[in-house]
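This report refers to the structure that appears directly beneath it.
The values are calculated or read from the model by the stated rules, or taken from the named source; none is laboratory data. Just so it is clear, the model here is predicted, and its values are computed rather than measured. Cβ: placed from backbone, ideal geometry, glycine included. Neighbour counts: every protein chain shown.
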Amino acid sequence: MLPNVIILMSILGLQLQHCAADLCNWTGSGFAAGVDSRIVLQVQLRCTEGSVRWIYPGQALRVVLEPNLSSSQSTTVCIKPSPSFHGASVFIERAGELELLVTEDGRPEQQVFCFRADGPHRPAIYLQSRPQSDGPWSRRTMGFRYELLGNRTALHTLTLGSISTSCRPCNDTELLMAICNSDFVVRGLIKKVSHDSERQTSLVEVSAARVYWQRSGVFEQQAAASGSPRSVPSWRGHIHTLLQCHVKPGDGEFLFTGSEHFGEAWLGCAPRYKDFLFVYQTAWAARHPHPCTGTVGSL
């Protein structure tokens, strides 16, 4: 554990310099730090997701996340370093203390790093750049994307170092609520499953007949094949899950739900479509109205 941030800056003679940013993203340079190595750039961002792009990185950059969230709400912060992220250490700052998250010698570009940000203090991310042998004006760019995750990831377990999903089957209540809470709801077939032993994940290729909802463009509509009915759209997309879930190609249609993180879809509940319809019709017959009646009615 490192000393209090304010005390550390005082000892080292560092000075904060505030930088302009939009609500979600920041792009800026470290030219000021090249002139005065005591300067620490500070950026304040107010969205639950966005990006940071640091050109000609200088001594240090402090990114404070101040979204419009309740101070009593527990929050998980996840960052995904950019492919060009090398030569810097990443610290998280909580209650004035710095904790090392990524070392400057690591290769973090294929990883997602998550940490809890509880309590009244706003989470901050502190980047410390290593001096370059070819001088302070070498053309380098580093950065990361960030997400603040709350109740919408209730079906997922996020741990330091990765995004993971639960492998257990969803119960009936979770199946019904997944239609409301998921970032995507798709009906389709499993075309292929590939495995990555290094990341301990599986990638499910899905051919979808219907995309009822998606937060972004993870699933893309394909051009109709020659001779096929143009009234039947075809969609393609990929969904990530844990290797330990042992997902395999199977016959029949599934209803895929889950969440999206950093442009990737992660699997939540995925019942067979006919099984979901049975659960929904049973709940309706028992006069348990579903909160997403409008959505479910079109399934």
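Just a few scattered comments:
- Residue match in the stretch 156-166 (condition: over 29 Å from residue 101 (Cβ atoms) and either modelled with pLDDT of 60 or more or not in a loop (DSSP other than H, G, I, E, B) (or both)): no
- Looking only at residues in the stretch 249-261 that are within 17 Å of residue 207 (Cβ to Cβ) and at pLDDT 85 or above, the one that is surrounded by the fewest Cβ atoms within 10 Å (Cβ to Cβ) is 252.
- Spans of strands (runs of 3 or more DSSP E) in the stretch 176-223 with at least 2 residues touching an Asp or Glu at 6+ places or on another chain (Cβ under 9 Å) and not small (Gly, Ala, Ser): 184-196, 201-214
- The residue that is modelled with the highest pLDDT, counting only those in the stretch 211-223 that are more than 21 Å from the chain's Cα centre (by Cα) and among the polar types (S, T, N, Q), is 221.
- Residue in the stretch 169-210 that is modelled with the lowest pLDDT, counting only those that are closer than 24 Å to residue 282 by Cα, out of contact with any Ser or Thr (no Cβ under 6 Å at 6 or more places or on another chain) and hydrophobic (A, V, I, L, M, F, W, C): 180
- Considering each residue of the stretch 130-137 in turn, none proves to be at pLDDT 60 or above, of a type in the set (S, T, N, Q) and not assigned by TED's automatic domain parsing to the domain that holds residue 264.
- Residue in the stretch 58-78 that is surrounded by fewer than 18 Cβ atoms within 10 Å (Cβ to Cβ), more than 14 Å from residue 146 (Cβ to Cβ) and modelled with pLDDT of 70 or more present: no
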